[in-house]
Amino acid sequence: MMAKAAVLLKRALGAVAAVGVLGLAGCGFTPMYAQNTVGGSLNDISVQLSEHSRGGFLLQQRLNDAFGRHDDHASWKLKVDVSSFRVPRGVRVNNVASRYELTMTVKFELRDQATDKLALADQVSAMATYDSADQPYAGLSAEQDGEARVAEAAADQLRLRLLRYFASRPNP
């Protein structure tokens, strides 16, 4: 009797899973990184910085890694303008900041490489904080780690914004 109940339960769970999969197929769900989907468009984007800075370089590296860029031939051109500023937070007794807040704003334009037609213009921003240390090397290391983290967060936001744009475009 218990074996029959277990078999019926397995069949019922299988039927529920099948209905769930069919429901996902009907809602337009597509995997982001599968072949011939939205993610496939990202490796066809060339990233160009408007001016070179450490934050811009880190952002460009993160974007190229996320896009899977391997060559210089691309159908899309992403022009990126990076600005960042640092604000002291938390002041010690000797009036020296104990913590800093680093904000990076990325203005970008996505253009068709062949026609130079503007497809998307937007901006994203990200923030990270880091501790200020008394030792110079530790303080510099913390600042560079904060720059890397804020560049990673901005690159993730920009990548998601581009994925949303490519997902909303009609297929050619």
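Each value in this text was obtained by applying a stated rule to the coordinates, not by laboratory testing. It should be emphasised that the depicted structure is a prediction, and the values quoted were computed from it without experimental measurement. Note that we place each Cβ from the backbone using ideal geometry, even for glycine, and neighbour counts take in every protein chain shown.
Scoring 147-160, 88-101, 48-61, 127-140 by mean Cβ neighbours within 10 Å over their residues and listing the highest first yields 147-160, 48-61, 127-140, 88-101. Residues whose amide H lies under 5 Å from that of SER132, counting only those 5 or more places away or on a different chain, are ARG99, TYR100; hydrogens are built 1.01 Å from N in the peptide plane. Note that the range 142-155 has calculated 3J(HN,Hα) couplings of 5, 5, 5, 5, x, 5, 5, 5, 6, 5, 5, 5, 5, 5 Hz, one per residue in order, obtained from phi through the Karplus relation 6.51 cos²θ - 1.76 cosθ + 1.60 (θ = phi - 60°); glycine and proline are x.
Taking 0.36 nm per residue of separation and subtracting the current Cα-Cα distance, fully stretching the chain between ARG89 and HIS73 would add 1.3 nm.
Near the amide H of VAL47, within less than 5 Å, lie the amide hydrogens of LEU78, all on another chain or at least 5 residues away, with H placed in the peptide plane.
Compactness of the range 42-168, taken as the C-alpha radius of gyration over 2.2 N^0.38 Å, stands at 1.22. Taking amide H as placed 1.01 Å from N in the peptide plane, the amide H of LEU120 sits under 5 Å from that of LEU110, each at least 5 places away or on another chain.
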